[in-house]
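Structure first, commentary second.
The values are calculated or read from the model by the stated rules, or taken from the named source; none is laboratory data. Source: prediction; values computed, not measured. Using ideal geometry, Cβ is built from the backbone for each residue, glycine included, and neighbour counts are taken over all protein chains shown. Areas reflect the complete protein model, heavy atoms only, side chains present, ligands, DNA and RNA absent. Shrake-Rupley method; radii C 1.70, N 1.55, O 1.52, S 1.80 Å.
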Amino acid sequence: QRIVDQFDALGVTNYATVWQSATYGSTYGGDDWAAWYPGDEYVDWFGMSYFGTGVPAYDEWLALARAHGKPVMLAEATPRGFDLMDDNPDTVWNSWFAPFIEFVHTNDDVVKAVAYINVNWDEQAMWQGQGWGDTRVQANDTLLARWLAEIQTDTWLQAAPDLFATLGYASPGPN
């Protein structure tokens, strides 16, 4: 609220706010998510993390976003626990990618943006030994081909000079 109030006071208009949750089903202090909601006037998007499949909190989070009339950004999405370089590509695709894509398509009334984390987590000291794996799609030719085929369909918007206008935002400019 403080940041939005400051931006408003300064006349800043080229931003959108995202209220993010890890969507594991619990919050700091165990409070309901609604207890942390800053208010519709402060939130443009709901953000959520998507690391695994079949998490009941996902549906609860989407329901909350729908109730507030807010679009959802999958702000963190990665197939945690897989090594895309070494794991069987059919297993990885069927276990994570296909359910993830189905989740996006099934909820396309509210899921409007996706940020896939394409990284070898185990090469980074901060994440070593935590089971994140190597989620770089380019580490496996089969997965890369399937991923590119999917994201090049009409469902997905790509970078373009008119992207912000397509999304309903003014073109970004210096501020």
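Data for the structure
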{"quantity": "Residues located in segment 142-168, provided they are open to solvent by 50 Å² or more (accessible area, probe 1.4 Å), touching a Leu at 6+ places or on another chain (Cβ under 8 Å) and part of a helix (DSSP H, G or I)", "calculated": "Thr166"}
{"quantity": "Hey, Gly52 within 27 Å of Leu143 (Cβ to Cβ), in a loop (DSSP other than H, G, I, E, B) and open to solvent by less than 60 Å² (accessible area, probe 1.4 Å) or not", "calculated": "yes"}
{"quantity": "Filter result (over 16 Å from Phe51 (Cβ atoms) and open to solvent by 60 Å² or more (accessible area, probe 1.4 Å)) within segment 127-141", "calculated": "Gln128, Gly129, Gln138, Asp141"}
{"quantity": "Sole exception among (1) closer than 30 Å to Leu10 by Cβ; (2) in contact with a helix residue (DSSP H, G or I) (Cβ under 7 Å, 6 or more places away or on another chain); (3) modelled with pLDDT under 95; (4) of a type in the set (A, V, I, L, M, F, W, C) for Met85, by number", "calculated": "(1)"}
{"quantity": "Of all residues in segment 15-48 being over 18 Å from Pro71 (Cβ atoms) and in a loop (DSSP other than H, G, I, E, B), the one that is nearest to the chain's Cα centre (by Cα)", "calculated": "Ala22"}
{"quantity": "Of residues in segment 1-14 being part of a loop (DSSP other than H, G, I, E, B) and touching a residue at least 12 places away in the same chain (Cβ under 8 Å), the one nearest to Ala115 (Cα to Cα)", "calculated": "Asn14"}
{"quantity": "Residue list for segment 60-90, filter: open to solvent by 30 Å² or more (accessible area, probe 1.4 Å), more than 18 Å from Thr142 (Cα to Cα) and assigned to a helix (DSSP H, G or I)", "calculated": "Glu60, Ala63, Leu64, Arg66, Ala67, His68"}
{"quantity": "Residue in segment 110-120 that is at pLDDT 95 or above, of a type in the set (D, E, K, R), assigned to a strand (DSSP E or B) and crowded, with 16+ Cβ neighbours inside 10 Å present", "calculated": "no"}
